[in-house]
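Accompanying notes for the structure given below.
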Amino acid sequence: MIEIKNIEIAGIETAFRGMRNPLASWDKSDSIFDEEATTLGLKDVGLAARLSAAGNDHGKLLRQIYVGVDITAPLYWWKEMDQYKVGTTTNSESTMHTLTKFPITSNNFAINDEHYNFKLNDTMYSYTIGDVWEETIRTCETLRKRFAETGEMQYWDTLVRILPSAWLQMRTWTGNYAVLKNIYHARKNHKLSEWHDFCNWIESLPLAKELIVGENNG
């Protein structure tokens, strides 16, 4: 479960202008950038794709295409996303400041009917994972209320320690096309469904096919 919104892409004009500096080939640029509209030329796009496919040294233009986005995803996904540190910044919802402000319900976690109704059979008894979720959420909400009522840190400390990794957290993430290219080719076949959703989103970005997804870009 992942939500991506407030997408901002910038720097394509800068990247396209800069990629022609090494050979002083500005006269061959066929893109049009003005206040009314942007038209990307086939020559420029082709050159950008070749530079991206040539590797990090030649594909440095990817680092000049900025991406900003709000991502809401479970903590277990953020734990893996946090591996991508170079060229990225995140500003997240604070667990310390916001965890106890609002009621804790199933909507705060990355769970769906498939997860909820999954039945675990044991030699002694059987139960659905939904039973576990209901008890966990009820316990978390009780701890939240006790802390709100008393201010005693024991309740807050316990809540933070038992909070499931499926807890949904929103972060404003900034990076660039070079980072997204690394993420895409490393995670597109990952077991977690959130990575498939994220890679599908990457595919939807401007010039993603040419600069990120392209067969020669792996």
Worksheet, complete the sentence: The distance between the Cα centres of region 99-177 and region 18-44, in whole Å, is 51
Item to complete: May I ask you to list the lysines whose Cα is less than 29 Å away from that of K85, ignoring any residue fewer than eight positions away on the same chain?
Response: K5, K60, K181, K188, K191, K209
Worksheet entry | Cα-only Debye scattering, region 111-201: base-10 log of I(q)/I(0) at q = 0.18 Å⁻¹ | -0.96
Practice prompt. Can you tell me the alpha carbon radius of gyration of the chain divided by the globular rule-of-thumb value 2.2 N^0.38 Å?
Written response: 1.33
Worksheet, complete the sentence: The summed charge of the W173 Cβ neighbourhood (under 13 Å; Lys/Arg +1, Asp/Glu -1) stands at -2
Practice prompt. Please list the radius of gyration and Dmax for region 54-139, considering alpha-carbon atoms only, with Å as the unit.
Written response: 19.8, 62
Worksheet item: Relative contact order, percent, of the chain when contacts are C-alpha pairs under 8 Å separated by at least 6 residues?
Response: 29
Practice prompt. At most 10 other Cβ atoms within 10 Å and a DSSP loop assignment: could you name the chymotrypsin sites (Phe, Trp or Tyr not before Pro) in region 86-139 that fit?
Written response: Y125
Worksheet, complete the sentence: hull vol. (C-alpha, convex hull) per residue for region 100-162, Å³ -> 90
Fill in: Cα-based convex hull volume of region 1-87 per residue, rounded to whole Å³
128
Practice prompt. Could you work out which residue, out of N176, N117, N189, moves most in a Gaussian network model of the chain, that is, has the largest mean-square fluctuation with Cα springs under 10 Å?
Written response: N117
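FYI, it's all coordinate maths here, none of it is from the lab. Small disclaimer: the values here were computed from a predicted structure and weren't measured. FYI the Cβ positions are ideal-geometry reconstructions off the backbone, even for glycines, and counts take in every protein chain you see.
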